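The values are calculated or read from the model by the stated rules, or taken from the named source; none is laboratory data. Since this is a predicted model, take the numbers as computed values, not measurements. All Cβ positions, glycine included, derive from the backbone under ideal geometry; neighbour counts span all protein chains shown. Accessible surface is based on the protein model in full, side chains and every heavy atom, while ligands, DNA and RNA are left aside. Shrake-Rupley method; radii C 1.70, N 1.55, O 1.52, S 1.80 Å.
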Amino acid sequence: MTSAPQIQPKFLPNRHDLGVVAVGFSGGQPKAGVDAAPQALIEHGLIQQLEEDLEFKVSFDGQVHDYSQFTPAEDPVYRNMKQPKFVSAVTQEVSNQVYNHAKSGKLVLTLGGDHSIAIGTISGTARAIRERLDKEIAVIWVDAHADINTPETSDSGNIHGMPVAFLTGLTKEEREDTFGWLKEHHRLSTKRIVYIGLRDVDKGEKKILREHGIKAFSMHDIDRHGIGKIMDMALGWIGSDTPIHLSFDVDALDPMWAPSTGTPVRGGLTLREGDFIAECVAETGSLVALDLVEVNPSLDEQGASDTVRAGCSIVRCALGDTLL
């Protein structure tokens with residue numbers, strides 16, 4: 001699978017400029033190791049493949065950021081959130097990093113890290129696209145989990161289960177050091193998010209999804225219709241004149257294909273279904289940003305190389321690699 005993409009992007013000045021942000025952050029959940037994912041993906045040759053095979057001009061500072069300089073002296077639980085100040089400070093910095101790439105017209109690839117970092121990546125993309133094109137983005141969120149708990153509905157208090165609630169404004173906070181930095185220009189409409197692959201959704205989240213009429217395709221829907229039809233429906237909902245941010249949690253894949261992740265759930269996407277989702281998004285020419293999150297090479301060490309390989313494959317497919 002190696003050839004430069006042929007599709008011309010609709011919302012980027014050219015198809016060659018790619019900004020990469022490597023976010024070695026695990027503070028949105030309790031399991032260490034997910035912070036090592038960007039390095040594992042890079043060591044597997046991902047950036048080299050993007051440059052040599054897909055002919056991207058990659059802007060990358062060469063650093064996997066650990067954001068340790070943002071560790072607060074004290075970070076007590078607040079509104080049921082664990083490490084709220086740390087996650088807030090890191091996501092604000094990630095938001096600025098993504099924004100700086102996106103406002104200059106680059107496609108942005110963020111390698112996580114746990115899924116709390118999407119508070120940063122998506123807010124940065126949303127702000128940049130509003131300023132650059134005066135358009136609203138849509139998000140395709142591929143995940144076993146909905147990550148739309150509010151602090152109050154969350155059982156665990158882990159912020160990696162809350163990013164969509166913050167991004168859509170379902171949860172707001174005045175305190176600047178606890179996500180108060182999120183302003184209207186960072187946010188996303190609940191009508192502009194589409195979920196694919198859900199199969200482990202909390203009771204409170206189901207209520208939120210129903211009440212707000214959020215478009216969500218579960219594994220039940222994928223089993224019923226097949227992934228081809230699901231992608232037609234998902235992209236039809238978004239429309240052809242909308243920039244897309246694809247946020248891909250590797251735990252959307254079945255643990256058979258991606259065992260090294262913090263919250264694996266059986267009954268997930270096959271590797272090909274995951275790649276197909278990414279390929280379909282690439283074919284639209286509408287992709288402006290991509291996250292790959294929740295690879296944890298320290299869990300299931302036998303399966304770590306499979307998981308890293310799966311992650312690299314999804315990124316390549318989303319960025320325009322094709323089978324033929």
**OP:** Only one of these is closer than 30 Å to PHE60 by Cα and among the basic types (Lys, Arg): LYS172, LYS183, LYS206, LYS191. Name it.
**Re:** LYS183
Original post:
From the list ARG187, ARG127, which residue is surrounded by fewer than 24 Cβ atoms within 10 Å (Cβ to Cβ) and in contact with a His (Cβ under 6 Å, 6 or more places away or on another chain)?
Top reply: ARG127
**OP:** Hey, could you check the range 63-93 for residues that are β-branched (Val, Ile, Thr) and touching a Phe, Trp or Tyr at 6+ places or on another chain (Cβ under 7 Å) and say which is surrounded by the fewest Cβ atoms within 10 Å (Cβ to Cβ)?
**Re:** THR71
Subject >> Among the residues listed as ASP223, ASP177, ASP200, ASP232, the single one being within 18 Å of the chain's Cα centre (by Cα) and of a type in the set (Asp, Glu) >> reply: ASP200
Original post:
Does LEU41 qualify as being aliphatic (A, V, I, L, M), in a helix (DSSP H, G or I), more than 19 Å from ALA128 (Cα to Cα) and touching a residue at least 40 places away in the same chain (Cβ under 8 Å)?
Top reply: yes
**OP:** Pull up the range 66-115, narrow it to residues that are hydroxyl-bearing (Ser, Thr, Tyr) and either in a loop (DSSP other than H, G, I, E, B) or at pLDDT below 95 (or both), then point me to the one that is farthest from the chain's Cα centre (by Cα).
**Re:** THR71
Original post:
Can you name every residue in the range 227-260 that is touching an Asp or Glu at 6+ places or on another chain (Cβ under 9 Å) and either of a type in the set (Gly, Ala, Ser) or touching a residue at least 60 places away in the same chain (Cβ under 8 Å) (or both)?
Top reply: THR242, PRO243, HIS245, LEU246, SER247, PHE248, ASP249, VAL250, ASP251, ALA252, ALA258, SER260
**OP:** Give the residues of the range 133-149 that are out of contact with any Lys or Arg (no Cβ under 9 Å at 6 or more places or on another chain) and of a type outside the set (Lys, Arg), sorted by residue number.
**Re:** LEU133, ASP134, ILE140, TRP141, VAL142, ASP143, ASP147, ILE148, ASN149
Original post:
Of these, GLU131, GLU173, which one is out of contact with any Ser or Thr (no Cβ under 6 Å at 6 or more places or on another chain), in contact (Cβ under 8 Å) with a residue 12 or more places away in the chain, in a loop (DSSP other than H, G, I, E, B) and farther than 24 Å from LEU292 by Cα?
Top reply: GLU173
Original post:
From the list GLY33, GLY28, GLY19, GLY45, which residue is of a type in the set (Gly, Ala, Ser), over 19 Å from the mean Cα position of the chain (by Cα) and open to solvent by less than 30 Å² (accessible area, probe 1.4 Å)?
Top reply: GLY45
**OP:** Would you mind finding the one in ALA4, ALA36, ALA32 that is among the small types (Gly, Ala, Ser), part of a helix (DSSP H, G or I) and in contact (Cβ under 8 Å) with a residue 12 or more places away in the chain?
**Re:** ALA36
Original post:
Does GLU294 meet the test of being at positive phi and among the acidic types (Asp, Glu)?
Top reply: yes
